[in-house]
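Some notes on the structure that comes next.
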Amino acid sequence: MKFFTTFGAYLLLLKGMLTKPENFKMYWKELMHQCVEIGIGSLPIVAIISLFMGAVSAAQTAYQLTNPLVSKSALAQVVRDTVILEFAPTLVCIVLAGVVGSKIAGELGNMRISEQIDALEIMGINTKSYLVMPKILAALITIPLLVVIAAVVGIWGGRIAAGMTGIISTDDYDKGLLENFIVFNVWFALAKAYTFAFIISSIPAFYGYNVKGGALEIGRASTTAVVTSCILILFADYALAAILL
Amino acid sequence: MIELKNIYKAFDDKEILNDISAVFESGKTNLIIGTSGSGKTVLQKCMVGLFEVDSGEIIYDGKPFTLMTQEERKILRQQIGMLFQGSALFDSKTVQANVKFPLDMFTNWDHNKKIKRVNEVLDRVNLNDSNKKFPAEISGGMKKRVGIARAIVLNPKYLFCDEPNSGLDPQTSLVIDILIREITLEYNITTIINTHDMNSVMEIGQNILYLYDGKNEWVGNNKQIIFSKNDKLNKFIFASEFLRDAKDMRMLEEKGIIDNDRNMEDVISDPESNLLMKDNEKREHHPDSE
Ligand SMILES: Nc1ncnc2c1ncn2[C@@H]1O[C@H](COP(=O)(O)OP(=O)(O)OP(=O)(O)O)[C@@H](O)[C@H]1O
Ligand SMILES: [Mg+2]
């Protein structure tokens, strides 16, 4: 029962977002601001995570590839495909759910508690669209870009690791990367990235926007938001795999 | 002009507003007074639609606010300025950006014109050296004043102030009161002020609504309040001995027994200076102004 009321309220928030901006320039400014906050702000953590996840998957695959019949360059293919299909979109988005999600929920929660949202409403501004829509749009713009960057950095991390373990040369690795490349995998990864981006931004925005009470509830709302986003990401991950693969 | 007709509001079975009716005239400073927790903030928030009333009508210059759609309310709200009890400044923006925000949103003026207007209103609230500071870096009273500046920057038609001078020293308080009275008259604004500051009541109480236990217990102005016989009101408003003395003095002034320059010599040198006593006795029979 509570699930349906919450879900209904969530849909209403999304619907309330879709109105004509009071001032297009201000909305644009807010969108750019959010792109910087979400995109540039999460770039370092995304780079670090993807570098290591590429390296780790190379090292572990090398450890498992003991069969002499399998060509060494298969290592590159395995790293490439796991990074593109799973690690870059899903793992990065799970981390971003924490980084971006808590930021969005915290920011909106604080604005709600300190009546800043009310103040905007009283000025005659639709806060659902002025505060929530730019965040969702910014996430939809920047998170797929971050995922692409993560994939590139991850594969590069695998190359460094492969070179360091000495199992295959970096030349063989580069050659292996081009073998059996399926372009659809990239589209699939992007489809996941867009879905997850929407989850990461809209769920925390919903919980932050509807905080009631005091500072304690802001913390609680961001925890709920992050946990819910993570679960939904994993669920969507499975659903997309079942539908698209 | 804003009219309230039989407003009821409860929070899960707890009645906060119980049949409130009132008329707030334009060009006048309308005060809502009452003890802490009497529902002043809730009433103001109901009037602007931050809370929905359970029943009753709110009418803005003949337009029924309670029946408006969200979109119609949005249009009306562009003519409303509101100061929140907790100031509600945008804490990611500087003082200047806070005050400039409504201009950015609703005008297409150039930057210089906006800045000029911002400085003008900041000047009117006696704040001209804090433009670049963030809300976290200024005092509570300064936040209040920034809040007022932001509320009036677009010359609103309706101005709501929730305790505009709580946390301000008496002198700054007076500056704010006078500013609010001036702009109210100058632009014929319908101004509604929540307060429990006695100085404000006396200074700008052109139309006072006293809330008690969710009801409008007393209505009148700052002259009538001195003569009021309402016990609850007197207990609330003349709570200290000092204020009771002040009230007695004011009554004598109003009756012309002493002059308005606070010149006590006449009374003291007057052989009949026991007038004060007589007046106190007389007060018992003064018809209530209600
Ligand atoms: N959102 C809310 N939910 C439930 N009860 C509330 C809510 N807001 C206010 N109340 C209750 O309404 C009553 C009136 O509160 P209100 O804030 O209007 O008082 P006030 O007259 O403004 O007091 P003060 O002078 O201290 O600001 C209080 O008993 C408060 O507990
Ligand atoms: Mg209050």
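The values are calculated or read from the model by the stated rules, or taken from the named source; none is laboratory data. Fair warning: this is a prediction, and the values are worked out from it, not measured in the lab. Cβ sites come from the backbone with ideal geometry, for glycine too, and all protein chains shown count toward neighbours. In case anyone asks, the SASA skips ligands and DNA or RNA and just uses the protein heavy atoms, side chains included. Shrake-Rupley method; radii C 1.70, N 1.55, O 1.52, S 1.80 Å.
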Q. Filter the stretch A:128-172 for residues that are polar (S, T, N, Q) and in contact (Cβ under 8 Å) with a residue 40 or more places away in the chain; which is nearest to the other protein chains (Cβ to nearest Cβ)?
A. A:Ser129
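Okay, residues lined up against (1) in contact with a Cys (Cβ under 7 Å, 6 or more places away or on another chain); (2) within 16 Å of ligand 2 (Cβ to nearest atom); (3) over 29 Å from B:Gly167 (Cβ atoms):
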site: B:Gln44; (1), (2), (3): no, yes, no
site: B:Gly49; (1), (2), (3): no, no, no
site: B:Glu71; (1), (2), (3): no, no, yes
site: B:Asp104; (1), (2), (3): no, no, no
site: B:Asp110; (1), (2), (3): no, no, yes
site: B:Glu120; (1), (2), (3): no, no, no
(Q) For the stretch B:33-48, which positions are open to solvent by less than 10 Å² (accessible area, probe 1.4 Å), near ligand 1 (Cβ under 8 Å from one of its atoms) and of a type in the set (A, V, I, L, M, F, W, C)? (A) B:Leu43
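Is it the case that B:Phe101 is hydrophobic (A, V, I, L, M, F, W, C), over 23 Å from the mean Cα position of the chain (by Cα), more than 14 Å from ligand 1 (Cβ to nearest atom) and over 22 Å from B:Asn199 (Cα atoms)?
So B:Phe101 passes the test.
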Q.
Name the single residue that is farthest from B:Thr190 (Cα to Cα) among those in the stretch B:9-32 being more than 13 Å from ligand 1 (Cβ to nearest atom) and either surrounded by fewer than 19 Cβ atoms within 10 Å (Cβ to Cβ) or outside the structural domain of B:Gln70 (by TED's automatic domain parsing) (or both).
A. B:Asp19
Q. Based on what the data block shows, is B:Asp110 of a type in the set (Asp, Glu), surrounded by 15 or more Cβ atoms within 10 Å (Cβ to Cβ) and within 14 Å of another protein chain (Cβ to nearest Cβ)?
A. no
Q: Kindly check whether there is at least one residue in the stretch A:72-89 that is out of contact with any Leu (no Cβ under 9 Å at 6 or more places or on another chain) and not in a helix (DSSP H, G or I).
A: no
Q | Residue ID - nearest to ligand 1 (Cβ to nearest atom), chosen from residues in the stretch B:49-74 that are charged (D, E, K, R), out of contact with any helix residue (DSSP H, G or I) (no Cβ under 8 Å at 6 or more places or on another chain) and open to solvent by 50 Å² or more (accessible area, probe 1.4 Å) | A | B:Asp54
Q) For the stretch B:121-237, list the strands (runs of 3 or more DSSP E) that sit wholly inside it and hold at least 1 residues that are under 22 Å from A:Leu120 (Cβ atoms) and open to solvent by less than 10 Å² (accessible area, probe 1.4 Å); which are they? A) B:158-162, B:190-195
Q.
Go through the stretch B:86-107 and report how many residues are assigned to a helix (DSSP H, G or I) and either open to solvent by 70 Å² or more (accessible area, probe 1.4 Å) or within 14 Å of chain A (Cβ to nearest Cβ) (or both).
A. 10
Q: Select from the stretch A:10-65 the residues that are within 14 Å of another protein chain (Cβ to nearest Cβ), modelled with pLDDT of 95 or more and touching a Ser or Thr at 6+ places or on another chain (Cβ under 8 Å) and list them in ascending order.
A: A:Tyr27
Q. Any chance the stretch A:146-167 includes a residue that's open to solvent by less than 30 Å² (accessible area, probe 1.4 Å), assigned to a helix (DSSP H, G or I), modelled with pLDDT of 95 or more and under 30 Å from B:Gly81 (Cα atoms)?
A. no
Q.
So, in the stretch B:154-189, how many residues would count as being away from ligand 2 (no atom under 16 Å from the Cβ), in contact (Cβ under 8 Å) with a residue 60 or more places away in the chain and under 19 Å from B:Gln79 (Cβ atoms)?
A. 10
